[in-house]
Amino acid sequence: MKNINFFKKKLIKINKLFPKEKFYNNNFTNEIRTLEKANFGDLTFFDSIRYKNLAKNTKASYCITNKNLSKFLPSKTHCIIVNNVLFELANILKEIYPLSDIDYPDLSIKKPIKNKFIKVKFGNNVLLGKNVKIGNNCTIGSNSIIEHDVNIGNNCIIGSNVIIKNSIIKNNVMIQDNCKIGQKGFGFIPIKGKNFKFPHIGRVIVEDNVEIASSCTIDRGSVDDTIIGKNTYLDNQVHIAHNVKIGSNCMIAGQVGFAGSCTIGDNVSIGGQAGISGHLKIGNNVKIGGGSGVVKDIEDNQIMMGYPAVPLKDFLKKK
């Protein structure tokens, strides 16, 4: 199930993508993956010193990077030196996945064929795209849309007015009314008076026993996936941006916002209206008070509060 790719790709040789580069091999798999997930033949990217440890251990054959960062990459990785890593990456993604920068409506959606989903209950006006899979004992509420190739496991409840695309939903998941899951994230690069849209080829993966309350928005990943861990509960109106990883057994209160590519550990509790900045790592067993603004990494077993968020004892000293 995890090998599902929701976007059609064009097969292009590496020397066609980078005609000014001299390549001594052409093993390109036409796969673009993050530093830690890339394998032999894959293309990756390295744009921040924050990821130097991942860069040192990458198995990628090719990497888009800049001159200052290239020294951290293994000798077997062919460095493609550019001025703007993310802009170059966006262009390559657009070439290989030409339909991934805009969320075109799924025009294949139709009413479900009842004899294909014998053990699924549907409300009124439910629409399904091609190749949608829904497990046994699921209920899909009225006016919900499940777009092409989405997988939903067993014993799931999907509320009314829900839209799911580019997603894999595991077993025993509850998604309440008006949620939007799997749409393109907020990504663009300002250039010469216009915004170049950053393609999003990732997915949303919702693990077992997750509950997502009403009106939550969960963006799919850009290159990596957005993942919600097992037994995690989201309150109403939570926003989760592209590439966010939320661990297991987390409790997220209403109107919390996660910026792109932050990683949340297991057993984390976050109070209402807190905000987590992008590319941060929050450890296990962390508690973050409501209304807090997290702008730095947090180690395991911390209780944080305030803006910017600080350890609770330090926050109380200021009162």
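The values are calculated or read from the model by the stated rules, or taken from the named source; none is laboratory data. This one's a predicted model, so the numbers in the text were calculated from it and none came from an experiment. For neighbour counting, all protein chains shown are included, and Cβ atoms are generated from backbone atoms with ideal geometry for every residue, glycine included.
See the values below:
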{"quantity": "Checking Gln273 against (1) part of a loop (DSSP other than H, G, I, E, B); (2) crowded, with 17+ Cβ neighbours inside 10 Å; (3) not aromatic (Phe, Trp, Tyr), the condition it does not meet", "calculated": "(2)"}
{"quantity": "Cross-chain or 6+ apart pairs with Cβ under 8 Å, the stretch 95-106 first and in contact (Cβ under 8 Å) with a residue 24 or more places away in the chain and more than 16 Å from Gly187 (Cβ to Cβ), then assigned to a loop (DSSP other than H, G, I, E, B) and small (Gly, Ala, Ser)", "calculated": "Asp106/Gly129"}
{"quantity": "Selection within the stretch 93-119 - among the basic types (Lys, Arg) and closer than 22 Å to Thr34 by Cβ", "calculated": "Lys94"}
{"quantity": "Qualifying residue in the stretch 203-218 (condition: in a strand (DSSP E or B), polar (S, T, N, Q) and under 23 Å from Ile32 (Cβ atoms))", "calculated": "no"}
{"quantity": "Pairs, first within 20 Å of Asp106 (Cβ to Cβ) in the stretch 1-24, second modelled with pLDDT under 90 and among the hydrophobic types (A, V, I, L, M, F, W, C), C-beta under 7 Å, six or more apart", "calculated": "Phe7/Leu99; Lys8/Leu99"}
{"quantity": "Residue within the stretch 282-289 that is outside the structural domain of Thr34 (by TED's automatic domain parsing) and in contact with a Cys (Cβ under 8 Å, 6 or more places away or on another chain) present", "calculated": "yes"}
{"quantity": "Out of Ile102, Ile134, sole residue that is under 22 Å from the mean Cα position of the chain (by Cα), of a type outside the set (Lys, Arg) and closer than 21 Å to Asn172 by Cα", "calculated": "Ile134"}
{"quantity": "Residue match in the stretch 46-69 (condition: surrounded by fewer than 20 Cβ atoms within 10 Å (Cβ to Cβ), of a type in the set (Val, Ile, Thr) and farther than 30 Å from Gln176 by Cβ)", "calculated": "yes"}
{"quantity": "Matching entry among Asn131, Asn137, Asn166 (being at pLDDT 95 or above and surrounded by fewer than 20 Cβ atoms within 10 Å (Cβ to Cβ))", "calculated": "Asn137"}
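Residues are listed down the side, and each one gets a yes or a no for (1) assigned by TED's automatic domain parsing to the domain that holds Ser261; (2) modelled with pLDDT of 95 or more; (3) not small (Gly, Ala, Ser):
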| residue | (1), (2), (3) |
| --- | --- |
| Asn3 | no, no, yes |
| Phe6 | no, no, yes |
| Pro19 | no, no, yes |
| Asn26 | no, no, yes |
| Thr44 | no, yes, yes |
| Ile49 | no, no, yes |
| Ala55 | no, yes, no |
| Ala90 | no, no, no |
